Amino acid sequence: TKIPGRGHSSPVVDGDLVWVTTAYETPASADEVKKRLKSNTGSQPLTLLETVSLRAVRIDPKSGKVLKNIEVLKKSKPQWVHKLNSYASTTPCIDDGKLYCHFGAFGNACLDAETGKILWKNDDKRLWVMHENGPGSSPILWGDLMIFHLDGSDKQSIVALRKDTGKIAWQTKRSGKMNSNPQLKKGYATPILVELDGTDFILSPAADWLYCYEPANGREVWKLPYGLLGFSNVSRPIVGDGMIYLSTCFMKGELLGIRLNGKKTPEIAWRARTAPKMPSPILVGEELYFVNDAGIISCLDAKTGELHWRERLNAQFSASPTYADGKIYLSDRSSVTHVLKPGKTFQIIAKNELDGTAHKASFAPHQTAFLIRTEAALYRIEQ
């Protein structure tokens, strides 16, 4: 099914409720582009628009028919995004019949996931940051809160909105000392929830630091420095068997194996090279797998960081891997999915190609199928 507009967010699923976000882009004129780029302090290839319509699209998972196409927010002269990014890259959340959309500094909204009715919006000026490369961090839900990062080049914080009203419940500024260069302060990673000694906490990667917060009030519990420059975080950390696995992302990124210590500050147990900047790692059994943006895939002992194997897939990657039915699925930017058999030896068992257009979203499961989004379409792939 062709999804109108452009976006890199993954589909979200609750039974037969399937939604994706997208953006209708109206390009800025050449004169406007030249004028606005004068304020850009970076040197990245950018997309600039006159207007952007940020939308939520509901899909029938059986037929692929577009059931709803709702304009959630519309912005004039929005800040630019990186050419590898989109205006709809952050994946929404769906829970209890509600769809929670986060578009970074452009705003937030909640929709009735059945009817598409907009229940609330929030584009509070206190939630504006300069992303530099566009929004990328997706929200998570905890209790009656929607929680997300706002790590710009100008301001950096973690925020919680009330799920019933969209009002700010708390906003906590990042406390760690960072590089003085604004371009090295930004981040795009997604937080995760973890239970430590029977209590829920948020693990929140940002530039140069991993933070731990109390989800109810945003109080900082501890922070751990990476020990090297790490910023523009995209890869999401994962937790398993008493460890956190975290990519420091840019510049010369490392994959950190961090040993949890209850509610106390954890410690870095090992470091590995060829870390991903965009795709997240994945833990299967006692092995940790990760593919970096340039296609180098590694398999490590998750406890010790010892390398079992490292191979090159000759492709570029943005999407995170998926483990299902005893197999690991890795989709590259040209829409080829590499299917691996997990284990201490490297085994590719299949390659499957879609239409060859850009693939940057991660798989979403629907019953015994995958929902797969490329820049061309949304697919349901099922045996």
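Please work out if Lys62 is in contact (Cβ under 8 Å) with a residue 40 or more places away in the chain, within 30 Å of Ile381 (Cα to Cα), of a type outside the set (A, V, I, L, M) and open to solvent by 70 Å² or more (accessible area, probe 1.4 Å).
So Lys62 passes the test.
Would you please name the residue that is farthest from Phe103 (Cα to Cα), looking only at residues in the range 155-190 that are among the hydrophobic types (A, V, I, L, M, F, W, C) and not in a strand (DSSP E or B)?
Across the range 155-190, the extreme among qualifying residues is Met178.
Return yes or no: is Glu50 surrounded by 14 or more Cβ atoms within 10 Å (Cβ to Cβ) and modelled with pLDDT of 95 or more?
So Glu50 fails the test.
Taking the conditions exactly as written (more than 23 Å from Gly136 (Cβ to Cβ) and surrounded by 17 or more Cβ atoms within 10 Å (Cβ to Cβ)), does Ser298 satisfy them or not?
Judged against the criteria, Ser298 is a match.
Exactly one of (1) over 20 Å from the mean Cα position of the chain (by Cα); (2) at negative phi is unmet by Arg236. Its number?
Unmet for Arg236, out of (1) over 20 Å from the mean Cα position of the chain (by Cα); (2) at negative phi: (1).
Among Gly187, Gly230, which is surrounded by 15 or more Cβ atoms within 10 Å (Cβ to Cβ), out of contact with any Pro (no Cβ under 8 Å at 6 or more places or on another chain) and closer than 26 Å to Ser362 by Cα?
Gly230
Take the residues in the range 23-47 that are assigned to a loop (DSSP other than H, G, I, E, B) and at pLDDT 75 or above; name whichever of them is surrounded by the most Cβ atoms within 10 Å (Cβ to Cβ).
Residue satisfying both the conditions and the ranking: Ala28.
I'd like to check something: does the range 209-228 contain any residue that is touching a residue at least 24 places away in the same chain (Cβ under 8 Å), farther than 28 Å from Glu132 by Cβ, in a strand (DSSP E or B) and within 21 Å of the chain's Cα centre (by Cα)?
No, the range 209-228 has no match at all.
Does at least one position in the range 78-94 carry a residue that is of a type outside the set (Ser, Thr, Tyr), outside any loop (DSSP other than H, G, I, E, B), in contact (Cβ under 8 Å) with a residue 40 or more places away in the chain and under 23 Å from Glu382 (Cβ atoms)?
Yes - at least one qualifying residue is present in the range 78-94.
Working only within the range 273-295, note down all residues that are open to solvent by less than 30 Å² (accessible area, probe 1.4 Å), under 22 Å from the mean Cα position of the chain (by Cα) and under 23 Å from Asp325 (Cβ atoms).
If the condition is that a residue be open to solvent by less than 30 Å² (accessible area, probe 1.4 Å), under 22 Å from the mean Cα position of the chain (by Cα) and under 23 Å from Asp325 (Cβ atoms), then Pro279, Ser280, Pro281, Ile282, Val284, Leu288, Tyr289, Phe290, Val291 are the ones that fit.
Quick check on Pro225: is it loosely packed, with under 15 Cβ neighbours inside 10 Å and modelled with pLDDT of 95 or more?
It is true that Pro225 is loosely packed, with under 15 Cβ neighbours inside 10 Å and modelled with pLDDT of 95 or more.
What residue, of Glu71, Glu114, is open to solvent by 10 Å² or more (accessible area, probe 1.4 Å), more than 25 Å from Gly187 (Cβ to Cβ) and not in a loop (DSSP other than H, G, I, E, B)?
One residue alone meets the criteria, Glu71.
Being acidic (Asp, Glu) and not in a loop (DSSP other than H, G, I, E, B) is the filter here, so list the residues in the range 1-22 that pass it.
Within the range 1-22, just Asp14 meets the criteria.
Can you tell me how many residues in the range 335-364 are out of contact with any Ser or Thr (no Cβ under 8 Å at 6 or more places or on another chain) and either under 20 Å from Ile94 (Cα atoms) or open to solvent by 50 Å² or more (accessible area, probe 1.4 Å) (or both)?
7
When only residues in the range 191-208 that are part of a strand (DSSP E or B) and touching a Gly at 6+ places or on another chain (Cβ under 9 Å) count, which is surrounded by the fewest Cβ atoms within 10 Å (Cβ to Cβ)?
This residue is Asp200.
Those residues that are surrounded by 19 or more Cβ atoms within 10 Å (Cβ to Cβ) and farther than 15 Å from Tyr24 by Cβ, I need them from the range 75-88; list them, please.
If the condition is that a residue be surrounded by 19 or more Cβ atoms within 10 Å (Cβ to Cβ) and farther than 15 Å from Tyr24 by Cβ, then Gln79, Trp80, His82, Leu84, Asn85 are the ones that fit.
Filter the range 292-329 down to residues that are among the polar types (S, T, N, Q) and in a loop (DSSP other than H, G, I, E, B) and give me whichever is nearest to Gly240 (Cα to Cα).
Taking the candidates together, the pick is Thr304.
Scanning the range 117-143 for residues that are over 18 Å from the mean Cα position of the chain (by Cα) and closer than 16 Å to Trp19 by Cβ, which turns out least open to solvent (accessible area, probe 1.4 Å)?
This residue is Ile118.
The values are calculated or read from the model by the stated rules, or taken from the named source; none is laboratory data. From a predicted model like this one, the values you see are computed outputs, not experimental measurements. Virtual Cβ from ideal backbone geometry, glycine too; neighbours counted across all protein chains shown. Areas reflect the complete protein model, heavy atoms only, side chains present, ligands, DNA and RNA absent. Shrake-Rupley method; radii C 1.70, N 1.55, O 1.52, S 1.80 Å.
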